[in-house]
Amino acid sequence: MKLLAYSISIIVVLGCFVDVNAQSTGRLKKVVIDAGHGGKDPGARGRYTKEKDIVLAVALKLGNYIEKYLPEVEVVYTRKKDEFIPLMKRAEIANKSKAELFISIHANYISNPRVRGTETFALGLHRTQDNLEVAKKENSVILLEDDYSTTFQGFDPNSSESYIIFELYQNMYLDQSLEMASLIENQFKQRVGRNSRGVKQAGFLVLRETAMPGVLVELGFLSNSNEEKYMSSNEGQSLLASGLFRAFRAYKKNFDEKNKFDMPKEQMKTAKNNTQITYRIQVASSKRKIKEGASIYRKLDDVYEYKDGELYKYATGECKSFSEISKMMPQLRKKFKDCFVIAFENDKRIPLSDARAKSGD
Ligand SMILES: [Zn+2]
């Protein structure tokens, strides 16, 4: 009975693969942000917080950063408020959106209160018993769904046996998922100052059913009092979201670079003629390197540093057109009254007028 159910699931996933080949667009233009749990499913519980609330706050902040600093990217949320969304529905939202990346946000819990740290799972095979335990816990939400036995075709989240199915997937997105996962953990460790437990692989149902590279981020342990305090604070949530944002931006940069030759011929021609023009807004320059943690890093979620002769220069934003970047100016002027738009061609600073002539706006 179970074996039959498994072969049905494989067909579902193969069906998704076909879909995906049709969606190669050359650039990363859409991302799905999935705040875990919600509504009647609180997720893990700390002493005074619930996972569902923390992950929603971080998901919304991350989405805001992307919409603000990378306006060419459309953000699709599986939920924007406190409501219960079944796992299959989350996968369906993702697949329908034809996004290029799926980011699921969670918080962890374990009986030992001393255990702490972030971890990011890439879609793929589970490797150790530990990972299997996390996968079981996150998947067990399907038991809250009224008709789970039919919806999940006999998938029992509490049985290790059910996870054998994942070994059959040689996932085509595993490399990309792993890349995004390690960008996230690097950000958490190096820039946000979290204790990183590293990149892991596990078979999460919501990721398995999603026809795109995907990661599941555990922001920290609600069972650890310091981490609960951090994750429930506005500052902690902002820092975690900006770490996720920087990882996303780096992933997008690599993605766009790698995929520019997969563009249809017509698009390719335009891309060649225009090269890569990027607009940013310069906010500061200094003879000395400005340390992270200094005021400009506190005022901006997104700081781009480049060297121009002897000077270190600092900018924010990243747009392909002058009109897009100009929209950011009024807000930024409130914090940096002398800020101005600058332009780069393939990462080299060029005069604004040349850039505008090339990008045609
Ligand atoms: Zn969770």
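The values are calculated or read from the model by the stated rules, or taken from the named source; none is laboratory data. Bear in mind that the values here come from a model prediction, so they are computed numbers and not experimental data. As a convention, Cβ positions derive from the backbone with ideal geometry for all residues, glycine included, and neighbour counts pool all protein chains shown. Heads up: the accessible areas ignore ligands, DNA and RNA and are worked out on the full protein's heavy atoms, side chains in. Shrake-Rupley method; radii C 1.70, N 1.55, O 1.52, S 1.80 Å.
Miscellaneous remarks
- Filtering region 217-236 to residues that are part of a helix (DSSP H, G or I) and within 16 Å of the ligand (Cβ to nearest atom) leaves Glu227, Glu228, Met231, Ser232.
- Only one entry of Val206, Val192 meets the criterion of being touching a Ser or Thr at 6+ places or on another chain (Cβ under 8 Å), in the same structural domain as Leu62 (by TED's automatic domain parsing) and either within 16 Å of the ligand (Cβ to nearest atom) or at pLDDT below 65 (or both), and that entry is Val206.
- Some residue of region 130-150 being more than 14 Å from the ligand (Cβ to nearest atom), among the aromatic types (Phe, Trp, Tyr) and either open to solvent by 30 Å² or more (accessible area, probe 1.4 Å) or at pLDDT 95 or above (or both): yes
- Subset tally (residues that are among the charged types (D, E, K, R) and crowded, with 21+ Cβ neighbours inside 10 Å) for region 25-40: 1
For every residue, the table says whether it meets (1) away from the ligand (no atom under 12 Å from the Cβ); (2) over 26 Å from Gln176 (Cα atoms); (3) assigned to a loop (DSSP other than H, G, I, E, B).
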{"position": "Val55", "(1), (2), (3)": "no, no, no"}
{"position": "Asn64", "(1), (2), (3)": "yes, no, no"}
{"position": "Glu72", "(1), (2), (3)": "yes, no, yes"}
{"position": "Lys89", "(1), (2), (3)": "yes, no, no"}
{"position": "Phe121", "(1), (2), (3)": "no, no, no"}
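- Test: residue in region 8-27 that is at pLDDT 95 or above, in the same structural domain as Val215 (by TED's automatic domain parsing) and away from the ligand (no atom under 14 Å from the Cβ): no
- The sole residue among Glu179, Glu218 that is modelled with pLDDT of 90 or more, in the same structural domain as Ser111 (by TED's automatic domain parsing), under 16 Å from the mean Cα position of the chain (by Cα) and surrounded by fewer than 22 Cβ atoms within 10 Å (Cβ to Cβ) is Glu179.
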